[in-house]
Amino acid sequence: MVPPPCGHGHHFCNGNLPTYSMNIKSLNITKHHLYPIVVLDHILSHRTRHSVGRFLDVSIVILFFATIVSYGLKFIPFIDALYIEQATMIAPKIMGLLLVLISILLFIIILELFFRFSYFEEHETTNEPTFDVLKILYTATDGDLTKSFIQSAAGEKILLRCGIPTTALQTEFLAKRSGILFDAPFPEITDGPFTLSSLVLFLLSVDEEFRTFIVRGGIREPDLVGCAEWVMRQNALAKKQERWWSHERLAAIPGIGKDWAYGAAFTLARYGKEIVERYDTYASTMSLKDTAEVTSLERILARSTGADAIIVGLSEAASMDVVFNFARSIARGIVTPELEGKKIFVLDYNLIVAALHTKDEYETTMITIFEEAINAGNIILVISNLPAFLAHARSLNSDVVTLVEPYLSSGRLQAIATIDMDNFHNVVEQNAVLMSQFEKVVVTEPSEAKMVPILERVAENLESRNPVFFLYSAIDEALRSAENYLPDGVLPDKAVSLLIEVVPQCMQAHKVIVDRSDILTLIKTKTNIPVGEIQTAEREKLLSLEQFLRERVVGQDEAIKVTANALRRARAGVRNMKRPIGSALFLGPTGVGKTETVKALADLFFGDEKAILRFDMSEYQTADSLERLIGFSEGERAGTLTKALKERPYGVLLLDEFEKANKEILDLFLQVLDEGFFSDMRGKRVSARNVIIVATSNAGSEFIWEAREQGLEVSTMKDKILSKIIERGVYRPELLNRFDAVVLFNPLGEKELAQIARIMLQKLQKRLKEKNLELVITDDLVNAVIKHGTDPLFGARPMNRAIQEKVEQAIAEKLIRGEIGEGSQVVILPEELI
């Protein structure tokens, strides 16, 4: 039994293998209604018939003119009699050959008609192999079904889309395999046709050699099945285009003089553009009759009154896609009779803004456009980006809603407006006239099963224009990466943009095959997030993260371990993509390395320690703090966090003094830490899934100091310290549990302070080296810095100030006095640090 497809459209996914009730031998394919054309296609393939037909067409035309010339020479007076005699002799032979070729062509045409009508014949029973599968079964004469699949045209296409060339299959697989025999079990087909994707999964389940070869080649099972479904769709489209007698193909043939029955619209033609079918964009690849939005739009516009619609999408582009698909359905004649022959004109907003500068000019022109659209009799007017259209009218002190209302309410004007979801709530729902005149059509995001075919057609279109070849893995990764790493925009638009952008990247690298790694390289370039295959140098760095961190963070082994493990998990790609990259709460006294750890984290993961979005949560303690963070409900003022994440959606989000934040903000981060997003003041999602969230806090510092003074290891007291923090009501347990890790930072001892002082002096040494000065770092200098820059309450933080006010000051004075100059060694004695 063949189970129905899963969410991806794949049969047998998630380990659901078929039940076997017969073997391949018991399949009597001769009874299949497509068996005759399978035999025909095996003897004389579809491609061969077409090639022979084209050759015969050309030959017949040439022989036809040759026959006319040979018989017509005798009627030309100045032609030599010898030529006329020779032409008369060969004329019957040419005529005979012409008739033979015509007979052969007629035979080929009859065969092709037999093939097409048999192939497209409707049958009630679909529980049987499809044509492509039947061809593979027919050629499996040696008992090796896998070999037959690989050597078939469909199998070759499938494996090429996986990135496996035919030569590799011949030399590395077929030459060494033992083969499956005809007594292998075959699934009983009861739940729909047995397609190429079903066959692929069947072969993977019964042929261990084939499965091993695929896995070793780095091909994922869903990718192989996806390739099969891609080829199935390509074959179905090719066959559909050959079905010239179908209603859709015949209806698409334009009539003669249809436009003569309708009036002209010269002003509208000046300020608008007619939509014609867009074969060059992904929008034209969507299934029209299965698109609920197009069906709803057709139903509304087919009415005699109230035939006006407003399309509400996640974005303006998504709304316009529905309009383009609707125009395509009109062009192909697959709409109700009331809409046949309609033309769709989109008002060119930019042209209107550029040309109309006064209220009178604007209103006169708009009235003329409305009247022309009505008088023409076959025009549907589209107002794209309705908020911008209304805003321009308001800038001229014109009430365009009042202007257009009589036309809409009378039912004489058919109009479509497009708008995104946010503006619909803010603009249209607040206007009673617009709500009463337009019926809403909501555009939902397509399912993954619908988006994959869209991306495949985009890839095919790009292949036809550029010297590239897309593997299925690139399509799959574009969809995944667009969803995971590109928070702005909607699908499939974001994924389409990735496919378009990756082409010049590959061409610049002189690469023809576009695979998963190319999409990931593009993502890395756009986001600075390390993705893709881990190379040797990076692998060594990841395995030695603790060493790198210890060079910057002193005396915090637990923090280093937690940070290193979090980075490795994130880079390995095993994290939950629906949450932030990572999250941690750093607890400890001031000046012990919490912020330095965050900087090291940003540097290691994002390649820049400046990739930090820093918020001082002590500034968000008042009642309006939440609004200041996410945005004010009244007005268009965006919140600081909302703005920061939209401008820089990739990096480390540092929340300093987290315990001081307003309770509402702590509640907000319950959701952010768990789901990776929050809603701004307009209800729009703001993603935090591509940031590492680190909250620092001094909460519990006194308990940490207490443990240290008692000679206890702070890490062993973690549970007790956290319990005391919860008892005091600083943090709720559910908030602490949302963090991937809660890390306690130890107070610094003399040994750690000396290491930190030396590291800070080395930074100064590096800066002076750029000025051709060599600072000599001595133990005495280190001890002097510790003496002047240590405070038990503030840890190592005062050291920077001590170096600046004492060491740098002493160096500056030496330079001014001329005691040192370029190329000098700089030695600072402790007594000079007054």
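The values are calculated or read from the model by the stated rules, or taken from the named source; none is laboratory data. Since this is a predicted model, take the numbers as computed values, not measurements. A quick note on method: Cβ atoms are made from the backbone with ideal geometry, for glycine too, and the neighbour counts reach across all protein chains shown.
Does the range 394-410 include one or more residues that are assigned to a helix (DSSP H, G or I), of a type in the set (Lys, Arg) and either touching an Asp or Glu at 6+ places or on another chain (Cβ under 7 Å) or surrounded by 20 or more Cβ atoms within 10 Å (Cβ to Cβ) (or both)? Steps first, please.
Restricting attention to the range 394-410, the residues satisfying the condition of being assigned to a helix (DSSP H, G or I) are 394-395, 400-410.
Still in the running and of a type in the set (Lys, Arg): 394.
Then drop every residue that is not either touching an Asp or Glu at 6+ places or on another chain (Cβ under 7 Å) or surrounded by 20 or more Cβ atoms within 10 Å (Cβ to Cβ) (or both), which leaves none.
No - not one qualifying residue is present in the range 394-410.
Starting from the range 718-733, take each residue that is surrounded by 13 or more Cβ atoms within 10 Å (Cβ to Cβ) and list its partners that are outside any loop (DSSP other than H, G, I, E, B), counting only C-beta distances under 6 angstrom and pairs at least six apart or across chains.
718/744; 721/703; 724/703; 726/733; 730/659; 731/725
Could you grab me the full set of residues in the range 585-599 that are out of contact with any Ser or Thr (no Cβ under 6 Å at 6 or more places or on another chain) and either of a type in the set (D, E, K, R) or surrounded by fewer than 23 Cβ atoms within 10 Å (Cβ to Cβ) (or both)?
Those that are out of contact with any Ser or Thr (no Cβ under 6 Å at 6 or more places or on another chain) and either of a type in the set (D, E, K, R) or surrounded by fewer than 23 Cβ atoms within 10 Å (Cβ to Cβ) (or both): 590, 595, 596, 599.
Quick check on this structure: which one of 59, 103 is among the small types (Gly, Ala, Ser), surrounded by fewer than 12 Cβ atoms within 10 Å (Cβ to Cβ) and at pLDDT 85 or above?
Values: 59 fails: surrounded by fewer than 12 Cβ atoms within 10 Å (Cβ to Cβ).
Going through 59, 103 in turn, just one is among the small types (Gly, Ala, Ser), surrounded by fewer than 12 Cβ atoms within 10 Å (Cβ to Cβ) and at pLDDT 85 or above: 103.
Would you confirm whether or not the range 689-698 contains a residue that is in a loop (DSSP other than H, G, I, E, B), basic (Lys, Arg) and either surrounded by 21 or more Cβ atoms within 10 Å (Cβ to Cβ) or assigned by TED's automatic domain parsing to the domain that holds residue 663 (or both)?
Residues of the range 689-698 in a loop (DSSP other than H, G, I, E, B): 689-690, 698.
Now drop any that are not basic (Lys, Arg), which leaves 689.
Restricting the remaining residues to those that are either surrounded by 21 or more Cβ atoms within 10 Å (Cβ to Cβ) or assigned by TED's automatic domain parsing to the domain that holds residue 663 (or both) gives 689.
Checked against the condition, which is being in a loop (DSSP other than H, G, I, E, B), basic (Lys, Arg) and either surrounded by 21 or more Cβ atoms within 10 Å (Cβ to Cβ) or assigned by TED's automatic domain parsing to the domain that holds residue 663 (or both), the range 689-698 yields at least one hit.
Can you find a residue that is outside any helix (DSSP H, G or I), assigned by TED's automatic domain parsing to the domain that holds residue 736 and not aliphatic (A, V, I, L, M) anywhere in the range 556-568?
We begin by selecting, within the range 556-568, every residue outside any helix (DSSP H, G or I); these are 556.
Okay, now just the ones that are also assigned by TED's automatic domain parsing to the domain that holds residue 736, so 556.
Still in the list and also not aliphatic (A, V, I, L, M): 556.
Checked the range 556-568: at least one residue is outside any helix (DSSP H, G or I), assigned by TED's automatic domain parsing to the domain that holds residue 736 and not aliphatic (A, V, I, L, M).
Among the residues of the range 634-654, write down those that are under 27 Å from residue 607 (Cα atoms), surrounded by fewer than 22 Cβ atoms within 10 Å (Cβ to Cβ) and touching a residue at least 24 places away in the same chain (Cβ under 8 Å). Spell out how you get there, then give the answer.
Of the range 634-654, the ones under 27 Å from residue 607 (Cα atoms) are 640-654.
Within this subset, residues satisfying the condition of being surrounded by fewer than 22 Cβ atoms within 10 Å (Cβ to Cβ) are 640, 642-644, 646-650.
Within the range 634-654, 640, 642, 644, 646, 648, 649, 650 qualify.
Return a yes/no flag: does the range 361-368 have any residue that is out of contact with any Ser or Thr (no Cβ under 7 Å at 6 or more places or on another chain), closer than 20 Å to residue 268 by Cβ and either of a type in the set (Lys, Arg) or buried (at least 18 other Cβ atoms within 10 Å of the Cβ) (or both).
In the first step, residues of the range 361-368 are kept if they are out of contact with any Ser or Thr (no Cβ under 7 Å at 6 or more places or on another chain); the result is 361, 364, 366-367.
With the extra rule that they be closer than 20 Å to residue 268 by Cβ, the set shrinks to 361, 364, 366-367.
After this cut, where a residue has to be either of a type in the set (Lys, Arg) or buried (at least 18 other Cβ atoms within 10 Å of the Cβ) (or both) as well, the list is 366.
Yes, some residue in the range 361-368 is out of contact with any Ser or Thr (no Cβ under 7 Å at 6 or more places or on another chain), closer than 20 Å to residue 268 by Cβ and either of a type in the set (Lys, Arg) or buried (at least 18 other Cβ atoms within 10 Å of the Cβ) (or both).
Being farther than 18 Å from residue 297 by Cα, assigned to a helix (DSSP H, G or I) and modelled with pLDDT under 85 is true for just one of 317, 354, 391. Which residue is that?
Numbers: 317 fails: farther than 18 Å from residue 297 by Cα; 391 fails: modelled with pLDDT under 85.
Testing whether each residue is farther than 18 Å from residue 297 by Cα, assigned to a helix (DSSP H, G or I) and modelled with pLDDT under 85 leaves just 354.
What residue, among those in the range 687-724 that are of a type in the set (A, V, I, L, M) and more than 22 Å from residue 668 (Cα to Cα), is modelled with the highest pLDDT? Steps first, please.
Taking the range 687-724 and keeping what is of a type in the set (A, V, I, L, M), we get 688, 691-695, 699, 704, 707, 712, 714, 717, 721-722.
So of that shortlist, the ones also more than 22 Å from residue 668 (Cα to Cα) come out as 704, 707, 712, 714, 717, 721.
Values: 704: 78, 707: 72, 712: 71, 714: 71, 717: 79, 721: 85.
Applying the filter and picking the extreme gives 721.
Would you be able to say whether some residue in the range 638-650 is assigned to a strand (DSSP E or B) and at pLDDT 85 or above?
We begin by selecting, within the range 638-650, every residue assigned to a strand (DSSP E or B); these are 638.
If we keep only those that are at pLDDT 85 or above too, we end up with none.
Within the range 638-650, not a single residue is assigned to a strand (DSSP E or B) and at pLDDT 85 or above.
Here is a yes/no grid of residues against (1) touching a strand residue (DSSP E or B) at 6+ places or on another chain (Cβ under 6 Å); (2) charged (D, E, K, R); (3) under 25 Å from residue 532 (Cα atoms):
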{"site": "600", "(1), (2), (3)": "no, no, yes"}
{"site": "616", "(1), (2), (3)": "yes, yes, no"}
{"site": "632", "(1), (2), (3)": "no, no, no"}
{"site": "646", "(1), (2), (3)": "no, yes, yes"}
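Within the range 660-675, is even one residue at positive phi and either in the same structural domain as residue 570 (by TED's automatic domain parsing) or not small (Gly, Ala, Ser) (or both)? Full working, then the answer.
Filtering the range 660-675 down to residues at positive phi leaves none.
No, the range 660-675 contains no residue that is at positive phi and either in the same structural domain as residue 570 (by TED's automatic domain parsing) or not small (Gly, Ala, Ser) (or both).
Here's the yes/no breakdown for (1) farther than 21 Å from residue 49 by Cβ; (2) not aliphatic (A, V, I, L, M):
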site	(1), (2)
62	no, no
87	yes, no
102	no, no
119	no, yes
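Can you pull out the residues in the range 426-468 that are part of a strand (DSSP E or B) and not hydrophobic (A, V, I, L, M, F, W, C)? I'd like the intermediate steps shown before the answer.
So the first thing to find is which residues in the range 426-468 are part of a strand (DSSP E or B), and the list is 439-442.
Correct list: 439, 440.
Which members of the range 218-237 meet the condition of being of a type in the set (Gly, Ala, Ser), in a helix (DSSP H, G or I), out of contact with any helix residue (DSSP H, G or I) (no Cβ under 7 Å at 6 or more places or on another chain) and more than 15 Å from residue 193 (Cβ to Cβ)? Write out each step before concluding.
Looking only at the range 218-237, we keep the residues that are of a type in the set (Gly, Ala, Ser), and these are 218, 226, 228, 236.
Then keep just the ones that are in a helix (DSSP H, G or I); that gives 226, 228, 236.
Narrowing the set further to residues that are out of contact with any helix residue (DSSP H, G or I) (no Cβ under 7 Å at 6 or more places or on another chain) leaves 236.
Selection gives nothing.
So, in the range 525-550, of the ones that are among the aliphatic types (A, V, I, L, M) and over 19 Å from the mean Cα position of the chain (by Cα), which residue ends up farthest from residue 565 (Cα to Cα)? Spell out how you get there, then give the answer.
Within the range 525-550, the subset among the aliphatic types (A, V, I, L, M) is 529, 531, 534, 537, 542-543, 545, 549.
Okay, now just the ones that are also over 19 Å from the mean Cα position of the chain (by Cα), so 534, 537, 542-543, 545, 549.
Values: 534: 16, 537: 18, 542: 9, 543: 10, 545: 9, 549: 12 Å.
Taking the candidates together, the pick is 537.
Has the range 78-98 got at least one residue that is at pLDDT 85 or above and within 57 Å of the chain's Cα centre (by Cα)?
First, pick out the residues of the range 78-98 that are at pLDDT 85 or above: 90, 92-98.
Filter once more, so that each one left must be within 57 Å of the chain's Cα centre (by Cα): 98.
Yes.
If you check residue 137 against the conditions, is it of a type outside the set (Ser, Thr, Tyr), at pLDDT 85 or above and outside the structural domain of residue 59 (by TED's automatic domain parsing)?
On the way: of a type outside the set (Ser, Thr, Tyr): yes; at pLDDT 85 or above: yes; outside the structural domain of residue 59 (by TED's automatic domain parsing): yes.
Criteria met by residue 137.
Residues that are touching a residue at least 40 places away in the same chain (Cβ under 8 Å) and touching a helix residue (DSSP H, G or I) at 6+ places or on another chain (Cβ under 9 Å): which helices (runs of 4 or more DSSP H) entirely in the range 509-551 hold 3 or more of them?
Working: elements: 516-527, 536-543, 545-550.
Answer list for the range 509-551: 516-527, 545-550.
Please pick out the residue among 670, 744, 666 that is touching a residue at least 24 places away in the same chain (Cβ under 8 Å), surrounded by 14 or more Cβ atoms within 10 Å (Cβ to Cβ) and over 18 Å from residue 642 (Cβ atoms). Write out each step before concluding.
Working: 670 fails: over 18 Å from residue 642 (Cβ atoms); 666 fails: over 18 Å from residue 642 (Cβ atoms).
One residue alone meets the criteria, 744.
Show the residue pairs meeting these rules: Cβ distance below 8 Å; 6+ apart or different chains; first residue within the range 775-803 and assigned by TED's automatic domain parsing to the domain that holds residue 703 and assigned to a helix (DSSP H, G or I); second residue at pLDDT below 75 and surrounded by fewer than 21 Cβ atoms within 10 Å (Cβ to Cβ).
Sorted first by the residue in the range 775-803, then by its partner, the list stays empty.
Among the listed residues 381, 386, 413, 408, which satisfies the condition of being at pLDDT below 85, closer than 22 Å to residue 303 by Cβ and touching a strand residue (DSSP E or B) at 6+ places or on another chain (Cβ under 6 Å)?
Among 381, 386, 413, 408, only 408 is at pLDDT below 85, closer than 22 Å to residue 303 by Cβ and touching a strand residue (DSSP E or B) at 6+ places or on another chain (Cβ under 6 Å).
Take residue 497 and decide whether it is in a helix (DSSP H, G or I) and either modelled with pLDDT under 90 or in contact with a Lys or Arg (Cβ under 7 Å, 6 or more places away or on another chain) (or both). Break it down into steps so the answer makes sense when it comes.
On the way: in a helix (DSSP H, G or I): yes; either modelled with pLDDT under 90 or in contact with a Lys or Arg (Cβ under 7 Å, 6 or more places away or on another chain) (or both): no.
The answer is no for residue 497.
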